[in-house]
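The values are calculated or read from the model by the stated rules, or taken from the named source; none is laboratory data. Because the structure is a prediction, the values reported are computed rather than measured. We place every Cβ from the backbone using ideal geometry, glycine too, and count neighbours over all the protein chains shown.
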């Protein structure tokens with residue numbers, strides 16, 4: 001077991017395989033394998049955010065077991081829970097909530113993690129005028 005992460009060496013290898021396609025932005029060699037426990041994209045996305053986006057339940061489980069921050073803000077100030085909700089992934093939502101993910105963090109769209117875009121009241125962008133009425 002890796003004492004630093006709480007994962008076995010097999011679990012850590014499995015996790016690294018899950019993210020073998022991510023770029024190593026801070027390295028001289030961007031193709032160098034990333035460490036999913038510390039990787040952060042230029043837009044602040046973390047491996048947990050990516051796992052939620054990919055609907056990768058196993059990677060989500062391993063990242064949570066390793067102790068990553070379940071409330072880390074990614075692109076547009078969204079969390080992994082925002083992403084899981086927007087994708088309708090109940091299993092990842094459950095994992096994140098059980099790991100202490102906040103339901104109160106508001107992203108740049110004004111949404112809390114358990115809200116969807118359908119929850120936002122909007123004004124219609126359609127004009128009440130008919131084309132021939134404007135003449």
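Among the residues of region 24-36, is any under 23 Å from residue 113 (Cα atoms) and either surrounded by 15 or more Cβ atoms within 10 Å (Cβ to Cβ) or within 18 Å of the chain's Cα centre (by Cα) (or both)?
The answer is yes; a qualifying residue exists.
Filter region 100-122 for residues that are modelled with pLDDT of 60 or more and more than 16 Å from residue 74 (Cβ to Cβ) and give the result.
100, 103, 104, 110, 114, 115, 116, 117, 118, 119
Quick one: residue 125 ticks every box in (1) buried (at least 21 other Cβ atoms within 10 Å of the Cβ); (2) modelled with pLDDT under 95 except a single one, so which number is it?
Of the numbered conditions (1) buried (at least 21 other Cβ atoms within 10 Å of the Cβ); (2) modelled with pLDDT under 95, the odd one out for residue 125 is (1).
So for region 17-25 (the condition being assigned to a helix (DSSP H, G or I) and in contact (Cβ under 8 Å) with a residue 12 or more places away in the chain), does at least one residue qualify?
Scanning region 17-25 turns up at least one residue that is assigned to a helix (DSSP H, G or I) and in contact (Cβ under 8 Å) with a residue 12 or more places away in the chain.
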